[in-house]
Every structure is written in structure tokens, then in C-alpha cells.
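The values are calculated or read from the model by the stated rules, or taken from the named source; none is laboratory data. As the structure is a computational prediction, the values presented were derived from the model and not from experiment. Note that each Cβ is placed from the backbone with ideal geometry, even for glycine, and that neighbours are counted across all protein chains shown.
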């Protein structure tokens with residue numbers, strides 16, 4: 001008896017090991033006329049075909065996939081008729097499809113992440129259906145008497161539906177902050193042009209999800225792409241803020257006019273006709289010192305081609321600033337806030353940390369922000385070596 005139990009335990013151990021680095025998908029499609037179904041892995045945003053399975057006469061199919069971590073998959077017949085799975089190693093996923101369109105009516109068991117995605121898609125599909133009905137009703141009402149009363153009411157109902165969907169996605173993210181499913185909640189769309197999370201303040205949820213998933217899935221391509229997207233959106237927000245400030249203030253408000261190390265005033269606007277990197281830095285920051293040394297290389301390469309650097313120091317001690325500039329032999333325009341205790345330019349340019357920079361084109365328009373190291377080099381190479 002003990003030998004039987006021992007052998008049984010070995011079977012269980014080895015069967016568990018067999019699924020440690022793979023997952024299985026078993027499905028049944030009722031009344032399917034298709035002969036094959038396809039499984040794609042999402043390489044960030046691009047689906048890559050990894051396998052296909054023949055559908056039996058009874059509508060059944062199965063896949064076994066080697067996988068070392070959680071990831072997204074598309075299972076379906078075409079680019080318009082599919083469902084999304086969030087599969088993890090060890091899962092045995094069972095699917096049942098009851099409709100011609102796979103995504104309209106199906107159930108999933110054995111995969112917590114895939115079930116989350118199913119619910120997420122189901123809620124959005126219902127919202128889209130209601131919005132489509134309101135759009136049809138609005139078009140019809142516009143051709144009838146009393147539209148001046150009916151029209152605004154329909155518009156209000158339409159807006160309320162979008163707000164409700166927005167709220168549902170935020171609730172989903174908060175409740176599933178450690179799940180990769182929250183990524184989909186961030187990027188769902190009402191239509192090809194409109195994201196569910198449309199407000200600038202929604203960037204905070206992008207950050208929350210990025211921080212959480214980076215801790216739980218540091219090697220995931222999906223999470224790494226999310227982190228990159230967050231940085232791009234953050235930079236875009238900073239640029240938008242600066243542009244908005246510039247619209248509401250006198251034209252000279254975003255034109256630093258400061259004393260350089262030689263004691264002469266130099267205005268940023270005097271450099272029009274060149275590509276200018278406006279940088280904020282401090283002698284106390286090791287990152288700033290290291291970046292200055294890198295900027296010297298870029299300056300040597302591109303200065304004669306029309307590249308200039310206008311640097312603003314934020315240190316209270318003027319002597320430290322001058323000593324650092326001379327010690328590192330910084331060749332560009334080195335200036336300092338008139339009153340470092342009240343750094344007006346740093347405030348106007350929304351400087352939260354150093355080093356911070358903004359890249360201006362020849363017309364004095366901001367075209368990029370916070371480009372450092374390799375990213376800055378690529379941008380300069382693009383501008384000067386076309």
C-alpha cells in the first residue's frame with residue numbers, strides 16, 4: 001500500500017512539473033462551420049501566430065503551449081473574430097462558445113486572468129451597444145420636430161454612458177492592480193479614436209498600474225512596453241502644460257533672460273534659428289554632472305551644425321556654480337536663476353527634478369522634453385543627419 005501511495009505521489013509530482021512551463025486550452029464551439037482555429041501571442045501590440053488546431057466534427061479543439069510567464073493571447077478565426085486570453089503556466093483553460101462570433105457568447109474556466117478579460121470586454125460591449133442605439137436615435141430625432149428638446153437629452157444620456165464606462169474601468173483597475181488584465185482596462189476604446197480613459201488625470205492610473213506590475217512582472221514585455229508608454233505620456237503632458245502656460249502668459253514669460261558666467265544677460269529667444277536644448281541642473285546632483293559630460297560630446301558633434309545649449313543652474317551658492325562650470329569646462333551658455341530661492345523659470349517650466357530639459361526647434365517651439373543619453377543622441381542625429 002505504501003509503495004502504491006509513493007508511486008502515486010511521483011505521478012502527481014511529475015504531472016505537475018509537466019504543466020509548470022506550459023498551459024493547455026480545451027474548447028468547444030457549437031455549430032461551427034470553420035475547420036481550423038488559430039492561436040496568436042501578442043508581442044506587445046502585434047499578434048504572432050504560434051499554433052493552429054483542427055476543429056473536430058463535435059466542435060472541439062485543443063492547444064498545449066510552452067510558456068514561462070503570464071501573457072496575452074488571441075484565439076480565433078480572423079483579425080475581427082477572436083477572444084483575448086490571459087494565460088499563465090500551469091493553467092488548464094476550458095472554453096465554450098455558443099455564438100457565430102466567438103466574442104459574443106462564451107464562457108471560460110481554469111484561467112482567472114482570462115475570465116477578468118471576458119468580463120471587461122462584456123461590459124464595454126454593452127456600453128457600445130447602448131451608444132450605437134443612442135446615435136441612431138439621435139440621427140432620427142434630428143429629422144423630426146422637437147429636436148431642440150430631444151437632442152440635448154440624448155446628448156446628455158450619451159455623455160453619462162461614457163462617464164459610467166470610464167468609472168467602471170477605473171474600478172476594475174483599482175480592484176485588479178496586480179493583474180496584467182489591468183493593462184487592457186487602460187487601453188480599451190469606445191471607438192478607434194476614443195479611449196475609455198480619456199482624461200489627462202487618468203495618467204495617474206497608468207502610473208499606478210506601471211509601478212505595481214513592474215514589481216510583479218519585471219521581465220514581461222507587456223509591462224516594459226507599458227512603462228515606456230507611461231514615460232512618453234508623461235513627457236507629452238509636460239509639453240502640453242508648458243504650451244498651455246505659454247498661451248495664457250505674455251510671449252516673453254517663457255523666454256529666460258538670465259546672466260551668464262561672464263556677467264552678461266542672454267535671452268533664450270536670441271537663439272532662434274538654432275535647435276536649442278534648455279536644461280536645468282544643480283552642482284549637487286551627480287546625475288547632472290554625469291549628464292553635462294555627455295552633453296559635451298553632443299555639443300562637439302552638433303554645435304557647428306546649429307545646435308546650442310542654454311543651461312540654467314538652480315544652486316543658491318553662486319561660487320559653487322562658477323567653479324563647476326570652469327572645472328568641467330562647459331562650452332555652452334551657462335546661466336543661473338536671478339534668485340535661486342525663487343526660481344521663476346524653473347516654476348514656469350514645471351521643473352520637479354534635475355536634470356530636466358526641453359528641446360526647441362529653430363522657431364522656438366518645444367518639440368521634445370526630458371531626452372537624456374541615447375534618446376537625446378538619436379533625436380539630434382535625426383535633426384542634423386537627415
Filter the stretch 170-185 down to the residues that are assigned to a helix (DSSP H, G or I) and touching a residue at least 40 places away in the same chain (Cβ under 8 Å), then identify the one that is nearest to residue 85 (Cα to Cα).
-> 181
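For (1) outside the structural domain of residue 127 (by TED's automatic domain parsing); (2) closer than 26 Å to residue 306 by Cα; (3) modelled with pLDDT of 85 or more; (4) loosely packed, with under 12 Cβ neighbours inside 10 Å, each residue gets a yes or a no:
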{"position": "183", "(1), (2), (3), (4)": "no, no, yes, no"}
{"position": "187", "(1), (2), (3), (4)": "no, no, yes, no"}
{"position": "218", "(1), (2), (3), (4)": "no, no, yes, yes"}
{"position": "233", "(1), (2), (3), (4)": "no, no, no, no"}
{"position": "271", "(1), (2), (3), (4)": "yes, yes, yes, no"}
Out of curiosity, is residue 283 modelled with pLDDT of 75 or more and either more than 31 Å from the chain's Cα centre (by Cα) or in the same structural domain as residue 163 (by TED's automatic domain parsing) (or both)?
-> yes
Confirm whether residue 353 is surrounded by 14 or more Cβ atoms within 10 Å (Cβ to Cβ) and at pLDDT 90 or above.
-> no
Selected residue [touching a helix residue (DSSP H, G or I) at 6+ places or on another chain (Cβ under 6 Å), at pLDDT 90 or above and farther than 25 Å from residue 214 by Cβ] from 84, 127 = 127
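With respect to residue 116, determine if the residue is within 21 Å of residue 181 (Cα to Cα), modelled with pLDDT of 95 or more and touching a helix residue (DSSP H, G or I) at 6+ places or on another chain (Cβ under 6 Å).
When the stated conditions are applied, residue 116 passes them.
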Criterion violated by residue 44 - all others in (1) on the phi > 0 side of the Ramachandran plot; (2) modelled with pLDDT of 95 or more satisfied | (2)
Run down 322, 294 and say which single residue is in contact (Cβ under 8 Å) with a residue 24 or more places away in the chain, surrounded by fewer than 19 Cβ atoms within 10 Å (Cβ to Cβ), touching a strand residue (DSSP E or B) at 6+ places or on another chain (Cβ under 9 Å) and in a helix (DSSP H, G or I).
-> 322
